[in-house]
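What follows is a short report on a single structure.
The values are calculated or read from the model by the stated rules, or taken from the named source; none is laboratory data. Just so it is clear, the structure is predicted and the values come from calculations on it, not from any experiment. Note that each Cβ is placed from the backbone with ideal geometry, even for glycine, and that neighbours are counted across all protein chains shown.
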Amino acid sequence: MKKRSPAPAAGLRTPSWVGWLFVAPALAVYAVFVLRPIVLTFQYSLYRWDGIGPSTWAGLDNYVKVFTDPDLFDSILNAVKLIVFFSAIPVLLGLAIASTIRRIATSRLALVARTVLFLPQVIPLVAAGIAWSWLLSSNGLVNQVFSHLGLGGVTRAWLGDFSTALPAVGVIGAWVLLGLCTILLLAGLSKIDPAVYEAARMDGAGPLREFFSITVPSLRQEIGVCVTVTVIAALASFDIVFIATQGGPGNSTMVPGLEIYYLAFSERQVGMASALAVVLMVLVLACALPVQWLTKDRSS
Amino acid sequence: MSRRVRNRWNGAVLMVVVGALAAGCGAPGGDAPQTEAGGTPVSTTPTCGTAPVTLKAYIETGFPLPKELSTEFTKQHPNVKWSIREDQFAVITQNAPRVLADDPPDLMRLPQVSELVKDGLLKNLDGYAKAFGWDSWPASQLQQMRLGPGGKTRGEGSLYAMGLNFSMTGVFYNKKLAAKIGMSSPPTTLAELDAALAKAKDAGIAPIAQFNGGATGGLAFPLQDLMASYGPAAPINDWIFQKPGATIDTPSNLKATQHLDQWIKAGYFWKDVNAVDYATMMSRFIGGQGLFMFNGDWESGNLDKQMPGDVGFFLMPPAEKGGKLAAMSAPLTYGIGSRAKNADCAAFFLNWVATDPQARDIAVKVGGSHPMGPADAHMPDVAEGTVTASTLQAGADVSKDNGAMDFIANATGAIYAKSWTPQLQKLVAGQQTPDGLLTSVQSDYKSQVGGS
């Protein structure tokens, strides 16, 4: 053990608990509004309870039901399917768009493109959901366009059809999240030294080569953030589905977030709802943590 | 050294946090008021007295009836003021238990009541019923609001809610479109209705305007009408009221579901019916996109205003000529919180709504439905030929045949969203058979009734 230096500052040295004093308010808020609900949710998940009356101990019954009840388990599968739309499409498309915008960064078009793409982030999700449900309705804009193109055969009520409802909800999510990913990736791109691109071009690299050898590796962390945020948005989706389909038709767009809400507030099965919420939380962590680990910047 | 100190602090804080969290961990719940064994005995007829009273009401937004009634009530009883909170019905449904437990209103619009009674959140109204003589009204008016001990079985037992009026469902039709297919009077048998549907389809008119989208399976309306057309109403009520051994999976209900399936396959519903919500259905029907619409008399006033003279109403015709008529009919239920401050005054108001001539006028003119109360009570004049007139007449016809049914969606708290809606949507999409639909709903029902 090192000998403590008899510095004159010793008298001014603040005891370590003072640090806790500064953290205390934030910690208290965090404990009351984040940790306590999590612990209570876990506790509720072990009971059969209607939210008001007396509860009975259920042990792990609720968890067993989450995985055996086809309705509940299908909702989890739907959320996993939504990852394709909420995460894969926005990130891949966002990468392509961001690197395109970077190439025209100084033109006015780039500014317009950035604004237009980011706009969905500014619009409340509920408004976006309503607007999209009009667009996708049986006589909405989407079907009108198809009819004009002579594709009257494919027109349908996109959100009311068993085979297209989930993809249609996914498209809304992709539209919302594309802007976020693009802006994040653009910000990342602006950090890359232009000299690197210049050097690559001198070595005869084309746009594709630049993209794969410089852009993508340099954006590792930003891509990590995008993937994490969008995967969480997919798994914990609620607003878009609630506005666009309410889980219908026939549960084909039911997601855990919505199911939890129905269970807790309509069916008053607080225990079941809590168990599904805990499972959802674990699932989100199980998806988000590996992404974080994979995209960690190991150089620092 | 300092590191070790910090570690110890970390541990200490963690323990405090976890301890604080764990301290809150008894079994959840149990803060509900105790259930009353019987109704509060009421010695003299309750009134609102003469001292200033403020009645706290929690009502459904979008329907002017309760507000109009409260205004008229204050006019007649100036000592009563109102403090009214409004929400959409879906919000009331979700909030009801918590609101009744934490901040009980004197008067509240009620969702399905079984659970609320089970938790002892609603006042038992038997005492008031005796004091005001509600027991002498036609029994069918109050049947749906009676519950057995613990809220288990509905349809008999103590009274826990009261209606502002009672609504009636049936079939609306667009008279202009009906004329086009040569339908001069409403069909009197199911076969005649089928013929009209087929004629409309051939003439390029959408035969049925109905909603079935999102979380609200509106095909439950024609389905239950068909059930009542093929079989008696009583067994359907038994199922809704959770009588032991009741089942929805009966031969006559299967015929009804198969009939509905034929309508679907024949293309009588809109192609996008699984994406149509209630509001869209109404605007399309008013816009002339549909000959028939299975709906309730809460829209009579609206339709009289929007398409004056162009809308007719008839009760679902029976399968056989001269068969009994039946319809879904339900009171617009209001209840009193078990810990409400001004319960007597609230009960007096409910009685006034059913018996005061002016209140009854408002119930019909504003609410569009039949008022509660004694069979021989004052009935307001309604203009001949209006939809309101025909729905009121239909109400009388149904009670003559004892054909009032509750709605199959009200059997349990979860049956509509969990079973009827997804199953009917699947039936439309051809992913479910009529037989499979009934089996599946019945098995959900069993697990919900047994499990709760």
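Counting only residues that are without any contact (Cβ under 8 Å) to a residue 60 or more places away in the chain and of a type outside the set (S, T, Y), which one in the range B:245-264 is farthest from B:F211 (Cα to Cα)?
Within the range B:245-264, the match that is farthest from B:F211 (Cα to Cα) is B:G245.
To keep it simple, each residue is scored yes or no on (1) touching a strand residue (DSSP E or B) at 6+ places or on another chain (Cβ under 8 Å); (2) at negative phi; (3) in contact (Cβ under 8 Å) with a residue 60 or more places away in the chain.
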residue: B:L125; (1), (2), (3): yes, yes, yes
residue: B:K130; (1), (2), (3): no, yes, yes
residue: B:A139; (1), (2), (3): no, yes, no
residue: B:G148; (1), (2), (3): yes, yes, no
residue: B:N165; (1), (2), (3): yes, yes, yes
residue: B:A179; (1), (2), (3): no, yes, no
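Are there any pairs, at least 6 apart or on different chains, whose C-beta atoms fall under 9 Å, with the first in the range B:219-230 and assigned by TED's automatic domain parsing to the domain that holds B:V276 and the second among the charged types (D, E, K, R), and if so, which?
If the second residue must be among the charged types (D, E, K, R), the pairs left are B:L226/B:K255; B:M227/B:K255; B:A228/B:K324; B:Y230/B:K255.
Could you pull out every one of the helices (runs of 4 or more DSSP H) wholly within the range A:62-168 that has 1 or more residues that are more than 14 Å from chain B (Cβ to nearest Cβ) and within 21 Å of the chain's Cα centre (by Cα)? If you could, list the steps in order and put the result at the bottom.
Working: elements: A:70-83, A:89-103, A:108-122, A:125-135, A:141-148.
Result: A:70-83, A:89-103, A:108-122, A:125-135.
Identify, by number, the condition in (1) farther than 30 Å from A:W134 by Cβ; (2) at pLDDT below 90; (3) among the hydrophobic types (A, V, I, L, M, F, W, C) that A:A157 doesn't meet.
(1)
State which residue pairs qualify: first residue without any contact (Cβ under 8 Å) to a residue 40 or more places away in the chain and inside the range A:160-179, second residue buried (at least 22 other Cβ atoms within 10 Å of the Cβ) and of a type outside the set (V, I, T) in any location, beta carbons under 8 Å apart, and separation of 6 or more residues or different chains.
A:T164/A:W158
Restricting to the range B:90-113, what's the tally of residues that are assigned to a helix (DSSP H, G or I) and either in contact with a helix residue (DSSP H, G or I) (Cβ under 6 Å, 6 or more places away or on another chain) or surrounded by 13 or more Cβ atoms within 10 Å (Cβ to Cβ) (or both)? Spell out the reasoning first.
Start the filter on the range B:90-113 by keeping residues that are assigned to a helix (DSSP H, G or I), which leaves B:90-102.
Applying the additional criterion that residues be either in contact with a helix residue (DSSP H, G or I) (Cβ under 6 Å, 6 or more places away or on another chain) or surrounded by 13 or more Cβ atoms within 10 Å (Cβ to Cβ) (or both) yields B:90-101.
Qualifying residue count for the region: 12.
Only one of (1) touching a residue at least 60 places away in the same chain (Cβ under 8 Å); (2) assigned to a loop (DSSP other than H, G, I, E, B); (3) touching a Pro at 6+ places or on another chain (Cβ under 6 Å) is not met by B:G413, so which one is it?
Only one criterion is unmet by B:G413, namely (3).
Condition check ((1) over 30 Å from A:Y262 (Cβ atoms); (2) touching a residue at least 40 places away in the same chain (Cβ under 8 Å); (3) more than 14 Å from every other protein chain (Cβ to nearest Cβ)) across all residues:
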position: B:I59; (1), (2), (3): no, yes, yes
position: B:E68; (1), (2), (3): yes, yes, yes
position: B:E72; (1), (2), (3): yes, yes, yes
position: B:W82; (1), (2), (3): yes, no, yes
position: B:D87; (1), (2), (3): no, no, no
position: B:V91; (1), (2), (3): no, no, no
position: B:P97; (1), (2), (3): no, no, no
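Of all helices (runs of 4 or more DSSP H) completely enclosed by the range A:207-300, which ones contain at least 2 residues that are of a type in the set (S, T, Y), within 14 Å of another protein chain (Cβ to nearest Cβ) and under 21 Å from the mean Cα position of the chain (by Cα)? Talk me through it step by step, then tell me what you get.
Details: elements: A:207-210, A:220-235, A:239-244, A:256-261, A:270-294.
Ranges flagged: none.
Could you check, for the range B:378-389, whether at least one of its residues is touching a Phe, Trp or Tyr at 6+ places or on another chain (Cβ under 6 Å) and closer than 30 Å to A:L72 by Cβ?
Of the residues in the range B:378-389, the ones touching a Phe, Trp or Tyr at 6+ places or on another chain (Cβ under 6 Å) are B:387.
After this cut, where a residue has to be closer than 30 Å to A:L72 by Cβ as well, the list is none.
Looking through the range B:378-389, none of the residues is touching a Phe, Trp or Tyr at 6+ places or on another chain (Cβ under 6 Å) and closer than 30 Å to A:L72 by Cβ.
Name the pairs: first residue in the range A:27-52 and more than 9 Å from chain B (Cβ to nearest Cβ), second residue polar (S, T, N, Q) and buried (at least 17 other Cβ atoms within 10 Å of the Cβ), Cβ to Cβ under 6 Å, at least 6 apart or on different chains?
A:T41/A:S274; A:S45/A:N62; A:S45/A:S274
Residue under question is A:L276, and the condition is that it be within 15 Å of A:S87 (Cα to Cα) and buried (at least 24 other Cβ atoms within 10 Å of the Cβ); does it hold? Steps first, answer last, please.
Working: within 15 Å of A:S87 (Cα to Cα): no; buried (at least 24 other Cβ atoms within 10 Å of the Cβ): yes.
Here the answer is no, as A:L276 does not meet what is asked.
Can you tell me which residue among B:A340, B:A319 is of a type in the set (A, V, I, L, M) and touching a Pro at 6+ places or on another chain (Cβ under 6 Å)?
None of the others qualify; the one that does is B:A340.
Identify, from the list A:L294, A:L219, A:L208, the residue that is crowded, with 16+ Cβ neighbours inside 10 Å and of a type in the set (A, V, I, L, M).
Details: A:L294 fails: crowded, with 16+ Cβ neighbours inside 10 Å; A:L208 fails: crowded, with 16+ Cβ neighbours inside 10 Å.
A:L219 is the lone residue from the list that is crowded, with 16+ Cβ neighbours inside 10 Å and of a type in the set (A, V, I, L, M).
Residue-wise test of (1) more than 28 Å from A:L159 (Cα to Cα); (2) among the hydroxyl-bearing types (S, T, Y); (3) over 22 Å from the mean Cα position of the chain (by Cα); (4) at pLDDT 95 or above.
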position	(1), (2), (3), (4)
B:G155	yes, no, no, no
B:F166	yes, no, no, no
B:G170	yes, no, no, no
B:A215	no, no, no, no
B:Y230	yes, yes, yes, no
B:A233	yes, no, no, no
B:K255	yes, no, yes, yes
B:H259	no, no, yes, yes
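So, B:I205, is that one in a helix (DSSP H, G or I), in contact with a helix residue (DSSP H, G or I) (Cβ under 9 Å, 6 or more places away or on another chain) and not charged (D, E, K, R) or not? Working first, answer last.
On the way: in a helix (DSSP H, G or I): no; in contact with a helix residue (DSSP H, G or I) (Cβ under 9 Å, 6 or more places away or on another chain): yes; not charged (D, E, K, R): yes.
No: the conditions fail for B:I205.
Got a number for residues in the range B:415-433 being farther than 19 Å from A:T245 by Cβ and crowded, with 20+ Cβ neighbours inside 10 Å?
Matching residues across the range B:415-433 total 1.
Identify the single condition in (1) within 14 Å of chain A (Cβ to nearest Cβ); (2) at pLDDT below 85; (3) assigned to a loop (DSSP other than H, G, I, E, B) that B:H378 does not satisfy, given that it satisfies every other one.
(1)
Name every residue in the range B:355-380 that is buried (at least 21 other Cβ atoms within 10 Å of the Cβ) and without any contact (Cβ under 8 Å) to a residue 60 or more places away in the chain, in order of residue number.
Matches in the range B:355-380: B:R360 only.
Would you confirm whether any residue within the range B:265-280 is in contact with a strand residue (DSSP E or B) (Cβ under 6 Å, 6 or more places away or on another chain), in a strand (DSSP E or B), in the same structural domain as B:A234 (by TED's automatic domain parsing) and under 28 Å from B:Q442 (Cα atoms)?
Let us first name the residues in the range B:265-280 that are in contact with a strand residue (DSSP E or B) (Cβ under 6 Å, 6 or more places away or on another chain), namely B:268-269.
Those left that are additionally in a strand (DSSP E or B): B:269.
Subsequent filtering for residues that are in the same structural domain as B:A234 (by TED's automatic domain parsing) retains B:269.
Subsequent filtering for residues that are under 28 Å from B:Q442 (Cα atoms) retains B:269.
Within the range B:265-280 (the criterion being in contact with a strand residue (DSSP E or B) (Cβ under 6 Å, 6 or more places away or on another chain), in a strand (DSSP E or B), in the same structural domain as B:A234 (by TED's automatic domain parsing) and under 28 Å from B:Q442 (Cα atoms)), the answer is yes, since at least one residue qualifies.
Just checking, how many residues over the range A:256-277 are in contact (Cβ under 8 Å) with a residue 60 or more places away in the chain and either within 13 Å of A:P167 (Cα to Cα) or among the charged types (D, E, K, R) (or both)?
Total satisfying the criteria: 2.
Yes/no per residue for (1) over 30 Å from B:K175 (Cα atoms); (2) in contact with a helix residue (DSSP H, G or I) (Cβ under 6 Å, 6 or more places away or on another chain):
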| position | (1), (2) |
| --- | --- |
| B:G337 | yes, yes |
| B:L350 | yes, no |
| B:V353 | yes, yes |
| B:I362 | no, yes |
| B:P371 | no, yes |
| B:H378 | yes, yes |
| B:G395 | no, no |
| B:Q448 | yes, no |
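Please go through the range B:419-445 and pick out each residue that is in contact with a helix residue (DSSP H, G or I) (Cβ under 6 Å, 6 or more places away or on another chain) and of a type in the set (K, R).
Matches in the range B:419-445: none.
Checking the conditions here, which among B:Q94, B:Q76, B:Q112 is out of contact with any strand residue (DSSP E or B) (no Cβ under 7 Å at 6 or more places or on another chain), at pLDDT below 85 and farther than 21 Å from B:H370 by Cα? Full working, then the answer.
Numbers: B:Q76 fails: at pLDDT below 85; B:Q112 fails: farther than 21 Å from B:H370 by Cα.
Only one candidate qualifies: B:Q94.
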